[in-house]
Every structure is written in C-alpha cells, then in structure tokens.
Amino acid sequence: MQIACQPHPLVYFSIRSSSKRKNGWKNIQNLHSSNFVKLVFVEPQTRKFAMPLCKNRLNAIPNAEDGHPSASMSEDINSNPVLNSIEGELWSKWWPPKYLWRGLSVLFLAGQVIMRTLKGKVHWKNTLQQLERVGPRSVGVCLLTSAFVGMAFTIQFVREFTRLGLNRSVGGVLALAFSRELSPVITSIVVAGRIGSSYAAELGTMQVSEQTDTLRVLGSNPVDYLVTPRVIASCIALPILTLMCFTVGMASSALLADSVYGVSINIIFDSALRALKSWDIISSMIKSQVFGAIISIVSCGWGITTSGGAKGVGESTTSAVVISLVGIFIADFTLSCFFFQGAGDSVKNCM
C-alpha cells in the first residue's frame with residue numbers, strides 16, 4: 001500500500017502489510033513498522049497558522065502491482081493554504097481604530113435622536129430635569145465669564161479707537177463682536193466644560209456598570225431615556241444663555257469704557273443699535289443651537305461607548321470635552337462663512 005500526503009512539510013510513507021479486512025479494504029495500522037519512510041521539508045522554519053494548512057482528499061484505488069487496494073491522500077489543488085491561513089489570521093486580529101468607530105457611533109446616535117424626536121418618543125420629565133441643569137445652574141458661570149471677556153476685549157481695542165477719534169464706532173464694534181462671535185463661542189465653551197464632561201462621565205459610568213443593559217431588560221430604550229432629553233435640553237438652553245451673555249458682556253464693556261476711557265454709555269448703546277441687525281441675533285441663536293447639539297451628542301456618544309472601567313471613564317470624559325471643543329470651532333468657522341459673505345456695511349452705519 002502507498003499513502004501520499006502533501007501538507008506543509010511534505011511527508012511520504014511507503015508501507016507494506018498483509019493484513020486484510022473481509023471486505024478487501026486495507027487496514028492501516030502500525031505506521032512505525034513501515035519499510036520505507038521519506039520526509040521532505042519545504043522550509044526549515046516552523047510556522048503557526050490560525051487556520052488548517054491544507055484541505056486533503058482521501059482516495060482508494062486498486063494497486064496494479066500486487067492486487068492490494070491502495071489509499072492515497074492528496075492535497076486540494078484549488079486551495080492555497082498559506083494565503084488562506086494568513087488572511088484568516090489578519091481578519092481575526094483586525095479591529096477598526098477606536099476614534100473611527102466612535103465617530104461612526106456618534107453619527108448613528110445623532111440619526112437615532114432625530115428619528116425618535118420626530119416620532120415623539122421623548123421622556124419629557126427627564127428632559128425638564130436636564131433643562132434645569134443646563135440652563136439655570138449654568139447661568140452664573142456663563143455670565144461671569146462673559147463679563148470678564150467683555151472687559152478684556154474692551155481694554156484691547158477701545159484705547160486704540162479713542163486715539164484715532166472713532167469713539168462713535170466703539171459700541172458698534174463691541175455689539176458685532178459679541179453677537180456674531182464671542183457670546184455663542186464663550187457660552188458653548190463653558191457649557192462643554194461643565195455639562196459635556198458631566199454627560200460623558202455619567203453615561204460612561206452607566207455603561208461600564210451595565211446600567212444601560214438593565215434599561216434594555218426593563219423595556220426602556222436608553223436613547224429615549226438618556227440621550228434625547230440631554231440633546232433637547234442643550235439645544236433649548238444654549239440660545240437663551242447666549243442672549244444673556246451678550247447682554248452682560250455689552251453692559252460690562254460699556255461700564256468699563258465709560259469709567260476708564262471716557263466714552264459715554266449713551267454713545268456706545270446708540271452706536272450698537274445702529275450697527276446691529278436682526279440677522280446678527282438670529283445667526284447667534286442658530287450657532288448656539290448647533291453648538292449645543294454638538295456638545296450633547298458627542299458627550300453622550302463618547303459616554304455610551306466607554307469601556308475599561310474607571311480609567312476608561314476618565315479617558316472618555318477628557319476626550320469628549322476635547323472633541324466637543326474642536327467640533328465647536330469647526331462649526332463656528334463653517335457657519336460664519338455661510339452667514340457672513342461678501343463686504344458688510346455694519347461698522348459704516350455706526351460711524
């Protein structure tokens with residue numbers, strides 16, 4: 001009998017024996033007693049693969065020399081064992097980068113929030129609680145920050161305007177800077193640091209402690225109960241906070257300009273009224289809503305994709321705040337290019 005096997009390494013056996021079964025088939029036993037053994041190694045080094053090296057086919061054919069049946073084991077010529085094993089090993093170890101699948105999860109989560117909101121599946125009690133948390137509890141720090149930023153901004157350029165004799169343009173420039181840029185961006189930065197980090201930490205802790213799985217077991221959708229109320233509350237509260245920050249920033253700037261540089265408050269407010277247009281306030285509100293959506297969705301998305309225990313919660317919180325700030329700046333540039341194109345005449349009107 002002859003048995004041929006061609007895996008890697010190649011092994012050939014030639015065995016003779018006189019034992020038979022009743023049905024004429026060869027009983028293959030005692031390979032150690034073979035008359036001839038030949039070993040052929042294709043490569044000297046040893047390889048480890050995640051999949052079988054080859055697919056073998058066992059055939060039984062009559063042997064013309066002595067009349068005994070012959071069994072042969074041949075390799076399937078249609079398969080490439082090395083390529084298949086390497087491909088299987090690569091696919092078994094491949095996993096998308098963390099930032100990639102987290103970004104995709106944020107987009108998927110945003111779509112879910114929009115669909116659930118349009119269908120009316122909103123937990124209103126939780127939404128009111130989050131609205132109180134984002135709005136009234138964040139007023140103090142937002143107004144304080146806006147007041148000091150306004151005074152610092154006044155110090156930087158009012159002294160230059162007074163030297164040029166452009167006292168009547170001070171109020172208009174302040175109003176345009178606060179309404180179009182400073183108020184929405186400053187408010188969003190404060191909210192991202194205070195509320196966004198809180199969202200990411202809360203949902204991350206719930207995720208690692210399997211509380212979100214408990215909500216699913218109880219028949220409640222975590223998106224309806226946890227994510228959608230936070231997104232709605234942020235989109236409603238940020239425009240109101242932005243309008244309040246604009247008012248406080250203008251008031252603090254006017255008081256500083258009047259007390260330090262001698263520019264009358266009446267002149268500043270009159271110049272601001274002549275420079276401002278309704279579109280400036282509307283664009284500020286739109287920016288604030290977009291920034292609120294970015295903060296809440298990114299923070300919630302980073303929270304529900306947290307893994308790794310307490311360390312993972314800390315990393316998710318830090319990463320959520322950073323990504324939210326980057327998203328705010330990118331969205332601010334995009335919306336500014338879209339809202340304010342071409343040459344403007346607002347400063348000309350206040351002179």
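Looking across the stretch 212-230, the residues that are in contact with a helix residue (DSSP H, G or I) (Cβ under 8 Å, 6 or more places away or on another chain) and not hydroxyl-bearing (Ser, Thr, Tyr) come down to Leu215, Arg216, Asn221, Pro222, Val223, Asp224, Leu226, Val227, Pro229, Arg230. Only a single item in (1) crowded, with 19+ Cβ neighbours inside 10 Å; (2) over 23 Å from Trp124 (Cα atoms); (3) β-branched (Val, Ile, Thr) is not met by Val227, and it is number (2).
Among the residues of the stretch 237-271, those that are farther than 11 Å from Thr187 by Cα, open to solvent by less than 10 Å² (accessible area, probe 1.4 Å) and not hydroxyl-bearing (Ser, Thr, Tyr) comprise Gly249, Ala254, Ala257, Val263, Ile268. Please indicate, with yes or no, whether at least one residue in the stretch 281-295 is outside any helix (DSSP H, G or I) and within 27 Å of Leu174 (Cβ to Cβ). No, the stretch 281-295 has no match at all.
In a residue-by-residue description of the stretch 166-177, the property of being within 19 Å of the chain's Cα centre (by Cα) and not hydroxyl-bearing (Ser, Thr, Tyr) applies to no position. Reported count of residues in the stretch 104-132, each being open to solvent by less than 40 Å² (accessible area, probe 1.4 Å) and part of a helix (DSSP H, G or I), is 9.
Starting from residues that are of a type in the set (Val, Ile, Thr) and at pLDDT 90 or above, keep the ones in the stretch 282-308 and report whichever is farthest from Lys98 (Cα to Cα). Residue satisfying both the conditions and the ranking: Ile282.
Checking each residue in the stretch 133-154 for being in contact (Cβ under 8 Å) with a residue 60 or more places away in the chain, open to solvent by 50 Å² or more (accessible area, probe 1.4 Å) and within 20 Å of Gly292 (Cα to Cα) picks out no residue at all.
For the criterion of being within 17 Å of Leu166 (Cα to Cα) and not acidic (Asp, Glu), Ala257 passes.
If we scan the stretch 305-325, do we find a residue that is over 19 Å from Thr187 (Cβ atoms), of a type in the set (A, V, I, L, M) and assigned to a helix (DSSP H, G or I)? Yes: the stretch 305-325 contains one or more residues that are over 19 Å from Thr187 (Cβ atoms), of a type in the set (A, V, I, L, M) and assigned to a helix (DSSP H, G or I).
Would a scan of the stretch 282-299 turn up a residue that is over 14 Å from Ala201 (Cβ atoms), surrounded by fewer than 22 Cβ atoms within 10 Å (Cβ to Cβ), free of Cβ contacts under 8 Å to residues at least 60 places away in the same chain and of a type in the set (Ser, Thr, Tyr)? Scanning the stretch 282-299 turns up no residue that is over 14 Å from Ala201 (Cβ atoms), surrounded by fewer than 22 Cβ atoms within 10 Å (Cβ to Cβ), free of Cβ contacts under 8 Å to residues at least 60 places away in the same chain and of a type in the set (Ser, Thr, Tyr). Just one of (1) farther than 22 Å from Gln130 by Cβ; (2) of a type in the set (S, T, N, Q); (3) touching a residue at least 24 places away in the same chain (Cβ under 8 Å) fails for Ser316. It is (1).
The values are calculated or read from the model by the stated rules, or taken from the named source; none is laboratory data. Keep in mind it's a predicted model, so treat the numbers as computed, not measured. Positions of Cβ are generated from backbone atoms using ideal geometry, with glycine treated the same way; all protein chains shown enter the neighbour counts. With ligands, DNA and RNA removed, areas are computed over all heavy atoms of the protein, side chains included. Shrake-Rupley method; radii C 1.70, N 1.55, O 1.52, S 1.80 Å.
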